[in-house]
Amino acid sequence: MDLLQQLTQYAFSGLSTGAIYALIGLGFAIIYNATGIINFAQGEFVMLGGVLTHFFLIVLKLPAGVAMGGAVIATTVIGALFERLTIRPLKRPTPLSLVIITIGGSIFIRGVAMLVWGKDTQSLPPFSGEEPITLAGATVMPQHLWIFGITLLVIAANKFFFYYTIRGKAMRACSFNRTAASLVGIDVRKMVLLSFVISSAMGAMAGIIIAPLTMTAYDVGVMLGLKGFCAAIIGGMSSGFGTVLGGLLLGLLESLGAGLISSGYKDAIAFIILLLILFIRPQGLFSKAQTERV
Amino acid sequence: MKRDYLLFLLFATVVLVAPAAFKGGYLLNVLVFMGINTMLAVALNLLLGFAGQISLGHASFFGLGAYLSGILSTTYGFNPWLTMVIAAVAVGILAFGLGFPILKLKGHYLAMATLGFGIIVYIVFNETVALTGGPSGLSGIPNLKMGSLTFDGDLKNYYLIWCFALVTMLLAINLAHSRIGRALRAIHDSEVASRVMGVNARLLKVQVFALSAIISAVAGSLYAHTMSFISPASFGFNFSVELVTMVIIGGLGSIFGSFLGAALLTILPELLRVVQDYDIVVYGLLLIVMTMYMPKGLAGGIASLARRLRPAKKGVVDAQG
Amino acid sequence: MLRVEGITQIFGGLTALEDISFTVAKGLITGVIGPNGAGKTTLFNIITGLYTQTSGKVFLEGEDISGAPPERLAPRGLVRTFQNIEMFHQMTVLENVLVGLHTRSQSGIFSCALKLPWHLAEERRMREEALRWLEFCGISDLAEVEAGALPFGKCRSVEVARAMAVNPRILLMDEPAAGLNSRETADLEVLIRKIRDTGVTVVLVEHDMELVMDICDAIVVLNLGKKLAEGTPRQIQENPAVIKAYLGEG
Ligand SMILES: Nc1ncnc2c1ncn2[C@@H]1O[C@H](COP(=O)(O)OP(=O)(O)O)[C@@H](O)[C@H]1O
Ligand SMILES: [Mg+2]
């Protein structure tokens, strides 16, 4: 295989992982923009998507569509409950207490998943066979194409929701100014709940479409969540294009780094990028800095 | 203030005579771990409870201390006391340098950045196999010696570790009631106002970050030399979260609280040994429930309980320890 | 004493301040007034180094201090209080004032942790001085109370005591009478005069016109980010542009 072919190969797998990061990152950004919370439990939604699908599909032997749909719905319910039971009752939320609570939630969800489904790694069958397709000189798994397709769909739906529906617009208003939004009659608490619902659904979908490639287990959420956060940081916490670009960029760099430099340090790449961005351009690669209010 | 020192005296006495009550062995060994965890929790509390700055990567400083001291003494044959000093200084310098860019960040961003740093260090422990032994760990680390006395038994280790832990607690109590301690708490409450009062918040945060890292590194070195074996698994993200849990459960800003938190989190896994694996679920619940219903932690809870039990003396407002 | 020159501040698309220049005379009380959103707090934030202005300069006794951070300005005698009170609410009132003495003490992190003897002596000296400032502001009885438990009016006094402990040459006060009842406002007026009498220059942002006209020696009026007028209280009261801004559009 010549170098160009190899690079194309890396690019394809990098972009498809990147698409996953983008989906997870969008979940982070949506909650952050609506509430100012970085939800450390975001990765667990991703884990739940994969693990629940495995449970419904393999253990309960439900049809694939039902299994996936069920996994998304169940995860969404868990996300909503999480917001209702832990975030909403908080009397004086501070950034610190929110970090701690969402970390606590993530540990708890992970722990329960481990108790219920065990510590083993599980694999899911790809959506449509394992016959590789040759594309631009590189071989691509059909699952990669599924990932691109579904990610695009979710992003488009997302865009539609935020720009063309009343609720979506209300949520955007909340992200600009929560006080002002509540003054014009938007129920901010409902919007917070809604943001958890959307994010957990998106996280679950990300978990489902990547599981056939990378397998799934109770503890995959930690890394995937953190990488999704990197994507969102690169994108300046935008719940749109910036984060998508951030995810793709991260996936690409990881895949190239693992292929060309060393696979052992693959996971370190994301965190080095994370630190660099936070140190040098905390507002993200694509946006301008603002004066913080005193 | 005086009360803190009295309490400390009492506490130190109990710690020093406690081994008489145990036959040694298993329980003493748990108490050794408790001492190390107390050091780590107090160190993190300086940063998290006083200055209000979170770190989700403190296990990495603990690990760096352990590995630096372990590698230098095992592979290169340096005296363990010397390697402890080298580890402390090196980690201090690293944390000081890292502190400037990282502590510019606030809240969630700081949490994520420290977490990222911790994971990078963890990956390095795993990947630099030639130096660290990789995932299978580093063994044969020599014990600390003092003249003809080698710290190799549980009882000797107990006194070694708890001397360090008590000194750490005393330093932290001193700091709490001083100019620097007040400035740190001021930063916690309102960074803007503290700066207007002339507190160099940026520098002070970095200093306390470095101090906290140094204490953690010393704890790491002690850990390496008493256990004789270390592996990356002890220094990962999970342990960083456990440390934060100790501080929160014990009570932010309370030194004795840090001991309580460390004690609870050392004993809990031992108690839950029968139902292994449940500990992670319990931690998660503890974090959530404590933050929601007992934001001042065990120390705060005990203090308010004591106030309720004791008939209130009028006009006296307790300063929290 | 204090001079601002051509200060402009733009936030995104919003021009909060446009080409503001004026001078504050030494030893006097200067008022800065204007409707809500005029940019008064923003101006204070720029002078005290919390914001970096888009353009323009700030001079303290002839020295260019533009862009200097607040922690460097405090030792040079430039201190402020806040519109939305910034208490150290988990500390006692005495400790709050002790933080004000920070720049006038030296003990570093190590001498504090080790409790070295000179640190103890310094601590005693600081306590005495902090108590003096509590007395100056008439809140000696609150020394050991936790600041977070104080009623609103007392917080304002603590903020002033804390600021005075820094030993300012110039004190900027952002709406110190906001939220005070008429008794407390009267006390505040006395306190501000007392501060002036110790030789401290005062700059006062305030909505209470009676108070402003009563104690200010000079007044600067801002409106929608622009300087509308400048002069003695009397001149300001008669200035048609000011009257229009306050009554006309309101
Ligand atoms: N950090 C900031 N970012 C964006 N806009 C700001 C910021 N600080 C102040 N403003 C805006 O500047 C204008 C002036 O505000 P301010 O100085 O607080 O007015 P005042 O104190 O006179 O009532 C307001 O429109 C306010 O919204
Ligand atoms: Mg204002």
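The values are calculated or read from the model by the stated rules, or taken from the named source; none is laboratory data. Keep in mind it's a predicted model, so treat the numbers as computed, not measured. So basically every Cβ, Gly included, is an ideal-geometry build from the backbone, and we count neighbours across all protein chains shown.
Go through A:Gly36, A:Gly43, A:Gly49 for me and flag whichever is at pLDDT 95 or above and within 14 Å of chain B (Cβ to nearest Cβ).
A:Gly43
Quick grid of which residues meet (1) at pLDDT 95 or above; (2) within 13 Å of chain A (Cβ to nearest Cβ):
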| position | (1), (2) |
| --- | --- |
| B:Lys106 | no, yes |
| B:Ala111 | no, yes |
| B:Phe117 | yes, yes |
| B:Tyr122 | yes, yes |
| B:Asn126 | yes, yes |
| B:Gly134 | no, yes |
| B:Ile141 | yes, no |
| B:Gly147 | no, no |
| B:Phe151 | no, no |
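Considering each of B:Gly77, B:Gly52, B:Gly70 in turn, give the residue that is more than 14 Å from chain A (Cβ to nearest Cβ), of a type outside the set (A, V, I, L, M), out of contact with any Cys (no Cβ under 6 Å at 6 or more places or on another chain) and at positive phi. Don't jump to the end; show me each part of the working.
Details: B:Gly52 fails: more than 14 Å from chain A (Cβ to nearest Cβ); B:Gly70 fails: at positive phi.
Criteria check complete, one pass: B:Gly77.
Looking at the range A:98-122, which of the residues that are of a type in the set (Ser, Thr, Tyr) and surrounded by 18 or more Cβ atoms within 10 Å (Cβ to Cβ) is farthest from the other protein chains (Cβ to nearest Cβ)?
A:Thr102
Among the listed residues C:Glu95, C:Glu71, identify the single one that is more than 19 Å from C:Arg169 (Cβ to Cβ) and within 11 Å of chain B (Cβ to nearest Cβ).
C:Glu95
Limited to the range C:35-89, what total is found for residues that are assigned to a helix (DSSP H, G or I) and more than 16 Å from ligand 2 (Cβ to nearest atom)?
Result for the range C:35-89: 7.
When you check C:Val212 against the structure, is it part of a helix (DSSP H, G or I), buried (at least 19 other Cβ atoms within 10 Å of the Cβ) and within 16 Å of ligand 1 (Cβ to nearest atom), yes or no?
Considered against the rule, which asks whether it is part of a helix (DSSP H, G or I), buried (at least 19 other Cβ atoms within 10 Å of the Cβ) and within 16 Å of ligand 1 (Cβ to nearest atom), C:Val212 comes out as yes.
Please go through the range A:162-184 and pick out each residue that is polar (S, T, N, Q) and without any contact (Cβ under 8 Å) to a residue 24 or more places away in the chain.
Matches in the range A:162-184: A:Thr165, A:Asn177, A:Thr179, A:Ser182.
Out of contact with any Ser or Thr (no Cβ under 6 Å at 6 or more places or on another chain), within 14 Å of chain B (Cβ to nearest Cβ) and at pLDDT below 95: is that true of A:Leu81 in this structure?
Answer is no for this residue.
Considering the range C:15-37 alone, what residues qualify as being out of contact with any helix residue (DSSP H, G or I) (no Cβ under 9 Å at 6 or more places or on another chain) and within 12 Å of ligand 1 (Cβ to nearest atom)? So that I can check it myself, show each step before the final result.
To start, the set of residues in the range C:15-37 that are out of contact with any helix residue (DSSP H, G or I) (no Cβ under 9 Å at 6 or more places or on another chain) comprises C:15, C:18-19, C:21-26, C:30, C:36-37.
Residues satisfying the conditions are C:Thr15, C:Glu18, C:Asn36, C:Gly37.
Which of (1) within 16 Å of ligand 1 (Cβ to nearest atom); (2) surrounded by fewer than 20 Cβ atoms within 10 Å (Cβ to Cβ); (3) under 11 Å from B:Gly198 (Cα atoms) is the odd one out, the single condition C:Arg72 does not satisfy?
(1)
Taking the criterion of being small (Gly, Ala, Ser), out of contact with any strand residue (DSSP E or B) (no Cβ under 6 Å at 6 or more places or on another chain) and within 12 Å of ligand 1 (Cβ to nearest atom), would at least one residue in the range C:2-14 satisfy it?
Yes, some residue in the range C:2-14 is small (Gly, Ala, Ser), out of contact with any strand residue (DSSP E or B) (no Cβ under 6 Å at 6 or more places or on another chain) and within 12 Å of ligand 1 (Cβ to nearest atom).
Scan the helices (runs of 4 or more DSSP H) fully inside the range A:220-294 and keep the ones with 2 or more residues being more than 30 Å from A:Leu52 (Cβ to Cβ).
So the answer is A:241-260, A:266-280.
Mind counting the residues in the range B:174-203 that are more than 7 Å from every other protein chain (Cβ to nearest Cβ), of a type outside the set (Gly, Ala, Ser) and surrounded by 24 or more Cβ atoms within 10 Å (Cβ to Cβ)?
2
Here are some conditions: (1) touching a residue at least 40 places away in the same chain (Cβ under 8 Å); (2) part of a helix (DSSP H, G or I); (3) farther than 30 Å from B:Ile248 by Cα. A:Gly149 meets all but one. Which one does it not meet?
Only one criterion in (1) touching a residue at least 40 places away in the same chain (Cβ under 8 Å); (2) part of a helix (DSSP H, G or I); (3) farther than 30 Å from B:Ile248 by Cα is unmet by A:Gly149, namely (1).
State which residue is farthest from C:Phe82 (Cα to Cα) when the search covers only the range C:173-186 and only residues that are within 17 Å of the chain's Cα centre (by Cα) and more than 16 Å from ligand 1 (Cβ to nearest atom).
Taking the candidates together, the pick is C:Thr185.
Give all pairs with beta carbons closer than 9 Å in which a residue from the range C:36-63 that is within 14 Å of chain A (Cβ to nearest Cβ) and touching a residue at least 60 places away in the same chain (Cβ under 8 Å) meets a residue that is more than 7 Å from ligand 1 (Cβ to nearest atom) and of a type in the set (Asp, Glu); count only pairs at least 6 apart in sequence or on separate chains.
Sorted first by the residue in the range C:36-63, then by its partner, the pairs are C:Gly39/C:Glu18; C:Lys40/C:Asp174; C:Lys40/C:Glu175; C:Thr41/C:Asp174; C:Thr41/C:Glu175; C:Phe44/C:Asp174.
In the list C:Gly179, C:Gly225, C:Gly231, C:Gly199, which residue meets the criterion of being touching a Leu at 6+ places or on another chain (Cβ under 7 Å) and on the phi > 0 side of the Ramachandran plot?
C:Gly225
Please verify whether the range B:37-52 includes one or more residues that are farther than 30 Å from B:Val14 by Cβ and modelled with pLDDT under 95.
yes
Within the range A:15-34, track down each residue that is surrounded by fewer than 23 Cβ atoms within 10 Å (Cβ to Cβ) and either closer than 19 Å to B:His108 by Cα or not aliphatic (A, V, I, L, M) (or both).
A:Tyr32, A:Asn33
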